[in-house]
Amino acid sequence: MRMEGELQALTIRILPPEVSVLIAAGEVVERPASVVKELIENSLDAGASQVSIEVRQGGLGLIRVTDNGKGIPSDMLALAFHRYATSKVTLARDLTRITTLGFRGEALPSIAAVAEVEMLSRPADAVAGAYLRLVDGTPVEQGTRGAPVGTTVTVLHLFAKQPARRKFMRPPPAENQQIASLVSQYALAYPEVRFSLRLDARQALLTSGSGELTDAVASVYGAEVAAAMLPMRWPLDGERTTIRVSGLASPPHISRASRGYVSLFINRRWVLNRRLTFAVEEAYSGLMPAGRHPIAVVDLRLPCEEVDVNVHPTKAEVRFRQENDAFAAVQRAVRQALLEQAPVPSVPSTTGAAVTQPATPEEMTPPPLWQRAVEAEGQPQTAAGTVAPPPKVSLPMLRVVGQIGSTYIVAEGPEGMYLIDQHAAHERVLFEEICAARQRRAVDAQGLLEPAIVEVSPQQKEVILAYYEALSEHGFQLEPFGERTYLVRAIPAVLAEKDLSRAFAELLDTLSEEAAVDQQDRVAFSLACHAAVRAGQSLALEEMRELIRRLEQAEVPHTCPHGRPTMIHMSTALLEKEFRRR
Ligand code: ADP
Ligand code: MG
């Protein structure tokens, strides 16, 4: 406290290095995934063709990255841990043309400031590896050890001496997911590098290093997605530009509930950039239902003086000299890929013009109503050549007429007949209701008088650990009860009528099927899917009316959460034409 009349002169002093390095560490090493990122980048800069990552206890126990890169000469090992020590930049003007992932010389000292670090490295021309161990950033042990060519960095007890930082860590499964998602990005950016990620005892990711982007996509998102992905390229012949875009984009029928599936690489650096992500999304406008997002891997190359990568200590952001050009190139590359491979089916005109010949049985399904509505209005082109987003198409009031095959609801509206898939429609309704309740923090949970005991498989247990928070936010109250058994004390009300242990097991399996991004949506998806009425279930008129009423309230009534149509519309005009009344 300052007393009246006692103004103290302040003293300005330069912080001692052990303090300044901690401040820098705070920016560079925010969480375990940041350590993994910096170490992978060092391995890639060292020209490694194999990078293995081992993580224990969400990274707080151990992080070890092993590469077969060029190694560090023994006399420079300790130097690498000095702040601003780097082999990648010498002159200020080098900063304007950075071709390596690292350049700040901050990562190793920052990591060593907040963990115990061991480094073992052997260049190809050395007979053995040089070993160095640091505690609190200070070397405590140095020596020679047998080692293969390359570098292994082991990080132990991360943040053990930073209790404040440690407190902000999420439970290991959540940190594991961050790490898995991060390594996936590098696997996609460097298909020629063989990546292996082990989380505790599990092999979480393994790529072939074949050099084919499709193979990397298959390792990360699965073979089915990889096979469906469309190649993109820019410029097309004749276009004069210094920007090159290549990569893969999902066809519109493959979509996800979150934006986390758009990966952007600029000159092989993984970056986060909202505008470019938006450019990718915009290329899908009119092709993908609102609320759905594509999977894409965008490899953007441009002269290095056109981008500034020295924006932030984590190097995850970049600035462009000509951002609009980059935006347009990405948007066109994706749009072109979509149009080449999957022409937008034209509207079945009421006057009888033919529909574009569909190429595959899959495309035989009519375009969703929202799409036809957009098509019918024509696609307004904006100045940049982009397509305006589809207007929100709400459902007219529908009158339920009956049910077909215990699967489809027949309804009449002002525009003719609607055939509604009861499962898809119910899924859409539940999905939106569940998300809305979660956002209002008003999830309807139902306590069980007798807690149910459910046994789970090892894989299902991982899913529970990974999704624990998201599951509780949706109304599950779970308590570990033995090695692989849980006590279920409460469940989301939507599952109330279901056979609990079966519904729960199915839910966990659905959750584990997709790669991990946006957990909450995935839980909502799975819940909606398992709680929705099945095809083949006969419904009373009143139940159908109730379902249609709720569908009318939905924001995106025409597609189910997976993007499939919930209904087919036969207009009055079409009926008249088919019956040759006109
Ligand atoms: P930066 O990557 O910004 O140069 P770092 O602190 O991450 O700074 O690394 C310091 C230096 O240590 C690097 O410039 C590089 O010469 C060397 N180095 C670090 N990791 C490796 C590795 N896995 N293989 C070879 N050299 C490495
Ligand atoms: Mg580095």
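The values are calculated or read from the model by the stated rules, or taken from the named source; none is laboratory data. For clarity, every value in this text was computed on a predicted model and none was experimentally measured. Neighbour counts are summed over all protein chains in view; Cβ atoms, including those assigned to glycine, are modelled from backbone coordinates with ideal geometry. Just the protein is used for accessible areas: all its heavy atoms, side chains included, with ligands, DNA and RNA removed. Shrake-Rupley method; radii C 1.70, N 1.55, O 1.52, S 1.80 Å.
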Subset of the stretch 99-120 (residues that are in contact with a Phe, Trp or Tyr (Cβ under 8 Å, 6 or more places away or on another chain) and within 14 Å of ligand 2 (Cβ to nearest atom)): Arg104, Gly105, Glu106, Leu108, Pro109, Ala112, Val117, Met119
Elements of type strands (runs of 3 or more DSSP E) in the stretch 101-179, at least 3 residues being among the β-branched types (Val, Ile, Thr) and over 22 Å from Gln50 (Cα atoms): 138-145
If you go through the stretch 431-439 one residue at a time, do you hit one that is of a type in the set (Val, Ile, Thr) and more than 30 Å from Thr572 (Cβ to Cβ)? yes
Within the stretch 313-332, which residues are open to solvent by 40 Å² or more (accessible area, probe 1.4 Å) and closer than 12 Å to Leu272 by Cα? Glu317, Arg319
Selected residue [of a type outside the set (Ser, Thr, Tyr) and either within 18 Å of Leu395 (Cβ to Cβ) or not assigned by TED's automatic domain parsing to the domain that holds Gly416 (or both)] from Ala554, Ala524: Ala554
Only one of these is hydrophobic (A, V, I, L, M, F, W, C), touching a Ser or Thr at 6+ places or on another chain (Cβ under 7 Å) and touching a residue at least 24 places away in the same chain (Cβ under 8 Å): Leu230, Leu188. Name it. Leu188
Under the condition of being more than 7 Å from ligand 1 (Cβ to nearest atom) and assigned to a strand (DSSP E or B), which residue from the stretch 62-100 is most open to solvent (accessible area, probe 1.4 Å)? Arg64
Being in contact with a His (Cβ under 7 Å, 6 or more places away or on another chain) and surrounded by 21 or more Cβ atoms within 10 Å (Cβ to Cβ) narrows it down to one of Ala25, Ala130, Ala115, Ala33, so name that one. Ala115
Is it fair to say Ser52 is hydroxyl-bearing (Ser, Thr, Tyr), within 16 Å of ligand 1 (Cβ to nearest atom), at negative phi and at pLDDT 95 or above? yes
Restricted to the stretch 479-508 and to residues being of a type in the set (Gly, Ala, Ser) and not in a loop (DSSP other than H, G, I, E, B), the residue most open to solvent (accessible area, probe 1.4 Å) is Ser501
Residue count for the stretch 284-323, restricted to those that are modelled with pLDDT under 90 and of a type in the set (A, V, I, L, M): 8
Please indicate, with yes or no, whether at least one residue in the stretch 161-173 is within 16 Å of ligand 1 (Cβ to nearest atom) and buried (at least 18 other Cβ atoms within 10 Å of the Cβ). no
Residues that are open to solvent by 30 Å² or more (accessible area, probe 1.4 Å) and among the small types (Gly, Ala, Ser), drawn from the stretch 210-227: Ser210, Gly211, Ala218, Ser219, Ala223, Ala227
Name the residue that is surrounded by the most Cβ atoms within 10 Å (Cβ to Cβ), counting only residues in the stretch 419-452 that are more than 14 Å from Leu527 (Cβ to Cβ) and in contact with a Leu (Cβ under 6 Å, 6 or more places away or on another chain). Ala425
Would you call Val533 aliphatic (A, V, I, L, M), more than 22 Å from Pro171 (Cα to Cα), at pLDDT 85 or above and in a helix (DSSP H, G or I)? no
When restricted to Thr96, Thr86, the only residue at pLDDT below 95 and within 15 Å of ligand 2 (Cβ to nearest atom) is Thr86
Single residue of the stretch 233-250 satisfying the filter (free of Cβ contacts under 8 Å to residues at least 40 places away in the same chain and not acidic (Asp, Glu)) that is farthest from Val51 (Cα to Cα): Gly238
